[in-house]
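Student: Sharing a structure, written as structure tokens. Questions coming.
The values are calculated or read from the model by the stated rules, or taken from the named source; none is laboratory data. Since the model is a prediction, treat every value here as computed from it, not as a measurement. Cβ: placed from backbone, ideal geometry, glycine included. Neighbour counts: every protein chain shown. Please note that ligands, DNA and RNA were not included when accessible areas were found on the heavy atoms of the full protein model with its side chains. Shrake-Rupley method; radii C 1.70, N 1.55, O 1.52, S 1.80 Å.
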Amino acid sequence: MTIEILQTGKLLASCEAALAQRYTVHKLHEQADPKAWLAENGARIRAHAGSGVQADLMDALPNLEIIASFGVGYDNIDTKAAKARNIRVTNTPDVLNDAVAELTIGLMIALARRIPQADQYVRQGKWQPGASMPLFSELTGKTLGILGLGRIGKEIASRAQAMKMRVVYHGRHRQLSEPHIYYDNLVDMARDSDWLVIIAPGGKGTERIVSREVLTALGPKGMLVNVARGTLVDEPAMLELLQNGGLGGAALDVFENEPSVPQAFFALDNVVLSPHQGSATVQTRDAMGAMLVANLDAHFAGEPLLSQVV
Ligand code: NAP
Ligand code: 8YV
């Protein structure tokens with residue numbers, strides 16, 4: 001008898017194929033009446049593959065043993081509820097560090113040099129004899145404050161150093177093995193930085209920690225990059241400061257209510273927008289899918305999990 005598992009959303013094709021080879025996969029998002037399907041079949045489900053699992057779904061799956069999440073961030077899983085029900089939770093750390101760090105540096109250069117705007121300038125025929133775009137800034141010699149010097153933050157730091165930037169960081173703890181200057185206060189770090197990159201986890205503990213005060217401290221020449229979660233930033237305050245010159249610019253891969261992005265951002269020249277693409281390369285997404293599957297396989301073989309968060 002094969003093990004029955006549940007998806008509640010579409011997954012990467014290579015990941016879905018690997019799951020289908022090993023397990024009987026049910027797709028809740030393809031059911032005409034998901035609630036009725038759960039009532040009838042929920043008790044047979046032993047694993048969830050994907051992301052975004054809340055307590056009500058756990059209750060509808062009384063024999064759920066494991067939630068194998070696609071992604072390193074697990075702010076969209078109720079880990080407290082999982083723990084209380086003895087459900088294990090896994091994620092996909094490390095395999096995406098390089099891809100996210102690459103995109104971060106890419107967004108920084110794109111914003112500093114207005115690469116998307118320059119592309120539009122040429123395409124729209126504005127590059128005429130005698131015409132030129134304004135001069136912009138560069139990364140060289142600037143100070144980068146990293147909020148969250150974790151697995152991905154460290155990869156961003158080493159790439160930023162290759163861009164001849166000075167790196168400082170803020171987190172809840174000083175990391176003695178790191179050579180960069182530590183700030184225990186985020187406002188102070190923002191005040192001393194030219195760039196602020198956000199790469200700490202989402203969830204209740206970090207909600208809007210990049211407050212109006214932090215953004216104001218970063219200031220009119222300051223550049224913000226968010227590749228973590230939209231929830232870490234006071235988005236209305238950020239928008240207002242970008243509009244009135246209180247903040248120099250922003251490169252945003254994540255948003256508070258994504259994929260819905262406030263239209264007001266579209267009118268701003270000091271902004272670069274990206275649709276949550278941090279890990280979005282074939283090689284990284286394949287590796288994330290393989291890790292999700294490997295966690296399920298380990299669980300059902302009674303072996304140690306690769307990456308357990310609960
Ligand atoms: P990680 O290794 O756990 O690092 C997280 C860092 O954040 C740690 O250095 C931690 O330091 C700091 N931190 C945690 N809570 C904090 C708080 N309340 N205040 C200040 N700092 C805090 O995580 P990671 O693997 O680098 O991933 C980071 C996040 O990136 C993920 O959770 C995910 O949301 C996001 N992400 C986004 C994309 C994308 O596509 N845009 C892709 C992958 C990941 P302390 O413990 O010292 O506080
Ligand atoms: C997404 C991410 O998970 O890993 C994370 O935390 O934010 C991304 O890698 C990925 O876009 C899948 O939805």
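Student: Give all pairs with beta carbons closer than 6 Å in which a residue from the stretch 200-216 that is over 15 Å from residue 146 (Cα atoms) meets a residue that is among the hydrophobic types (A, V, I, L, M, F, W, C); count only pairs at least 6 apart in sequence or on separate chains.
Tutor: That search, which allows pairs on different chains as well, returns 212/237; 213/187.
Student: Can you name the residue in the stretch 233-258 that is crowded, with 17+ Cβ neighbours inside 10 Å and over 25 Å from residue 205 (Cα atoms) and is also farthest from ligand 1 (Cβ to nearest atom) among such residues?
Tutor: 246
Student: Another one. Taking the stretch 228-242 on its own, how many of its residues are within 15 Å of ligand 2 (Cβ to nearest atom) and over 16 Å from residue 260 (Cα atoms)?
Tutor: 2
Student: Next question. Just checking: which of the strands (runs of 3 or more DSSP E) contained wholly in the stretch 1-101 hold 3 or more residues that are closer than 18 Å to residue 293 by Cβ and open to solvent by 20 Å² or more (accessible area, probe 1.4 Å)?
Tutor: 24-27
Student: For the stretch 143-154, check the following and say yes or no: at least one residue is farther than 23 Å from residue 205 by Cα and more than 21 Å from the chain's Cα centre (by Cα).
Tutor: Yes: one or more hits.
Student: Something else now. Given the residues 272, 233, 254, which is the only one that is aliphatic (A, V, I, L, M) and in contact with a His (Cβ under 7 Å, 6 or more places away or on another chain)?
Tutor: 254
Student: Any idea which residue in the stretch 179-194 is nearest to residue 139 (Cα to Cα), counting only those that are open to solvent by 80 Å² or more (accessible area, probe 1.4 Å) and assigned to a loop (DSSP other than H, G, I, E, B)?
Tutor: 179
Student: Looking for something within 14 Å of ligand 1 (Cβ to nearest atom), assigned to a loop (DSSP other than H, G, I, E, B), in contact (Cβ under 8 Å) with a residue 24 or more places away in the chain and farther than 21 Å from residue 229 by Cα - is there at least one such residue anywhere in the stretch 164-178?
Tutor: The answer is yes, given that some residue of the stretch 164-178 is within 14 Å of ligand 1 (Cβ to nearest atom), assigned to a loop (DSSP other than H, G, I, E, B), in contact (Cβ under 8 Å) with a residue 24 or more places away in the chain and farther than 21 Å from residue 229 by Cα.
Student: Looking at the stretch 161-170, can you tell me whether even one residue there is under 22 Å from the mean Cα position of the chain (by Cα), surrounded by fewer than 24 Cβ atoms within 10 Å (Cβ to Cβ), charged (D, E, K, R) and at pLDDT 95 or above?
Tutor: No, that holds for no residue.
Student: When you look at residue 121, is it within 13 Å of ligand 2 (Cβ to nearest atom) and open to solvent by 10 Å² or more (accessible area, probe 1.4 Å), yes or no?
Tutor: Answer is no for this residue.
Student: To continue, here is another question. Could you go through the stretch 39-49 and let me know if any residue there is out of contact with any helix residue (DSSP H, G or I) (no Cβ under 8 Å at 6 or more places or on another chain), closer than 23 Å to residue 231 by Cα and either modelled with pLDDT of 95 or more or β-branched (Val, Ile, Thr) (or both).
Tutor: No: the stretch 39-49 contains no residue that is out of contact with any helix residue (DSSP H, G or I) (no Cβ under 8 Å at 6 or more places or on another chain), closer than 23 Å to residue 231 by Cα and either modelled with pLDDT of 95 or more or β-branched (Val, Ile, Thr) (or both).
Student: Follow-up. What are the residues in the stretch 102-114 that are within 14 Å of ligand 2 (Cβ to nearest atom) and either surrounded by 19 or more Cβ atoms within 10 Å (Cβ to Cβ) or within 25 Å of residue 35 (Cβ to Cβ) (or both), if any?
Tutor: 103, 104
Student: Continuing with this model, one more query. Would you tally the residues in the stretch 271-308 being over 18 Å from residue 228 (Cβ atoms) and either part of a helix (DSSP H, G or I) or in contact (Cβ under 8 Å) with a residue 60 or more places away in the chain (or both)?
Tutor: Summing the residues that are over 18 Å from residue 228 (Cβ atoms) and either part of a helix (DSSP H, G or I) or in contact (Cβ under 8 Å) with a residue 60 or more places away in the chain (or both) in the stretch 271-308 gives 23.
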